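Participant: Before I ask anything, let me first share the structure, which is written out below as structure tokens.
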Amino acid sequence: MSSSRPFGIYTIRTALLAFVLTPFLIVMIISGGFSLRQLEQVAEAGMEEDIELIARSIRRPLSYALENGHEETLRRTVTSAGDIGRVYGVYVYDRNGQRITAQGPSNVQVQDIEAADLASQGSEQGGFEEIGGEAVFSYFMPLTDSGGRINGLLQVTRRGSDFVQQIREFRARAVGVLAGSALLVLLIVWIGYQRAIGRHIKAMGQSMAQIAGGRRDNRLETKGPTELRFLSEGINRMLDSIVASEREISARREKEYELKSQLHQNEKLAAIGRFAAGVAHELGTPLSVADGKAQRALRRTSEQDSQPLHDIRQQLQRMERIIRQLMDFARPVTPERKEVRLNDLIQSSLQQVEGERQRQEVQIETRGDAQCPPLQADRLRLEQALINLLRNAVQATPGGRVRLSWICSPEGIHLTVEDNGPGIDAKVRHQLLEPFVTTKPVGVGTGLGLAVVNAVVTEHSGQIEVGNSDLGGARFELFLPFNSPTTLNETSSE
């Protein structure tokens with residue numbers, strides 16, 4: 001079963017989170033914790049330094065009052081120091097460890113022997129101790145007289161809970177800052193990903209979906225970072241290559257279909273040709289015998305009784321022409337190329353259709369270039385093709401007009417035969433050059449004349465186009481190429 005999501009959970013977004021952002025946050029947390037510990041130690045040292053500074057600030061007046069026996073001064077000084085919020089207790093001892101005055105709970109003060117020992121050491125010291133289930137920080141400082149002799153001891157204390165509370169508050173603020181920084185980093189990375197990568201990847205996905213939906217001309221936008229633009233350009237090149245390949249494959253298929261159709265048509269024409277050749281061969285001899293006997297009968301028949309025999313001979317001659325057309329269409333011909341001048345070809349063809357032109361009372365117009373280079377061609381075959389076109393035009397327009405025109409170009413000669421007859425139905429125009437296709441009534445045309453014309457033009461590597469004439473009838477244009485592109489230039493130089 002396919003998933004409804006087009007992609008899995010492993011995306012660029014999750015990869016960025018797993019391999020970039022998560023390690024960064026871990027390093028950030030570790031370094032933040034280490035820095036926090038360092039800051040806690042600095043804060044703790046600062047709090048101890050506060051007690052030390054308080055002790056130093058009252059040391060001198062206490063030493064003076066102790067030396068001169070000013071008990072009231074000692075009491076006021078200790079009381080004023082004890083009133084400071086950061087101080088838990090202040091205690092003054094003589095050199096023997098006996099407490100002289102105090103400000104604060106009595107359970108925090110040291111014993112006489114311990115105080116005497118601390119005073120005798122003559123050095124400042126401090127530390128935490130557990131007193132009555134409460135952690136207390138005590139700072140001891142010896143008191144000296146004017147001669148520098150130790151005459152007492154000062155003890156300043158502070159609750160350990162003050163240290164813990166302040167460090168806890170500091171830690172909470174630090175953790176809050178660290179968490180806020182992490183969230184800010186996450187937000188910045190998310191927005192940056194969407195702006196720099198996410199929106200471009202989304203646009204690429206939408207474009208690919210449109211292409212998959214059938215819009216093969218759609219292409220990806222080449223925007224965003226260099227890597228994404230490089231990827232989009234690569235995908236676009238791949239799509240162009242696929243489209244070009246599809247077009248090439250389609251063109252090859254069409255070409256293959258045309259070749260198959262052409263091969264099928266050639267096979268069909270070859271079969272028709274073989275059949276026509278056999279029929280023509282079998283009918284040729286009997287028709288010649290019948291025509292010969294009809295001609296001999298005419299010699300023995302009077303003029304008034306000879307018309308039926310003339311009609312018979314006329315129909316026999318028509319059948320002979322049909323047989324010649326069948327033979328011309330059926331037998332394979334290799335053109336015997338010789339120099340053929342266009343004027344000679346036109347004049348000979350016009351003479352061949354002159355009798356039929358007069359019977360049909362058709363006017364033939366000729367116009368074209370005066371000088372055309374000669375063709376290397378089979379004159380008899382070209383003459384046969386031109387006669388067929390002229391005869392068809394004359395038969396199509398009794399009492400009308402036929403126009404024969406030609407134009408010489410560097411590539412070859414364009415011959416055009418037109419008439420003002422009824423024209424050609426568009427439904428049969430594309431089939432008109434095939435054998436046995438005709439627009440003439442039954443018994444008048446065989447449908448081989450234009451097939452022979454097409455065969456002759458193909459033999460000479462030419463082309464034939466069928467269309468409508470501005471005279472109102474049909475138009476047949478033949479293009480016969482020169483064998484050499486320099487033929488026209490050589491003729492002009494002569």
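Participant: Once you order the gyration tensor axes a ≥ b ≥ c over the Cα atoms, which shape class does the range 200-250 get: rounded for a/c under 1.5, otherwise prolate or oblate by comparing a/b with b/c?
Facilitator: Here the range 200-250 falls in the oblate category.
Participant: Neighbour counts of other C-beta atoms within 10 Å: give me Leu263, Leu178, Leu220 arranged from fewest to most.
Facilitator: Details: Leu263 10, Leu178 18, Leu220 23.
Lowest to highest Cβ neighbour count: Leu263, Leu178, Leu220.
Participant: Quick one: which residues, 5+ away or cross-chain, put their amide H under 5 Å from the amide H of Ser469? H built at 1.01 Å from N.
Facilitator: Hits under the 5 Å cutoff: Ala474, Arg475.
Participant: May I ask what percent, to the nearest 5, of DSSP beta bridges between residues of the range 358-425 are antiparallel? Numbers along the way, then the final one.
Facilitator: Values: 7 of 13 bridges.
So the antiparallel bridges in the range 358-425 amount to around 55 percent.
Participant: If you average the C-alpha positions of the range 338-415 and of the range 35-54 separately, how far apart do those two centres end up, in angstrom?
Facilitator: What the calculation gives is 122 Å, centre to centre.
Participant: What's the local net charge at Gln363, with K and R +1, D and E -1, over the other residues with C-beta under 10 Å away?
Facilitator: Neighbourhood net charge equals +1.
Participant: Right, next: Using a cut-off of 16 Å between alpha-carbon atoms, which aspartates and glutamates can reach Lys255, once sequence neighbours fewer than 8 places away in the same chain are excluded?
Facilitator: Glu246
Participant: So if we plug the beta-carbon distance of Arg341 and Leu263 into 1/(1 + (r/R0)^6) with R0 = 25 Å, what FRET efficiency do we get, rounded to 0.05?
Facilitator: Approximately 0.10, to the nearest 0.05.
Only the coordinates and a few stated rules stand behind these numbers; no lab work does. Model, not experiment: these values are computed from the prediction. In this analysis, Cβ positions are derived from the backbone assuming ideal geometry, glycine residues included, and neighbour counts consider all displayed protein chains.
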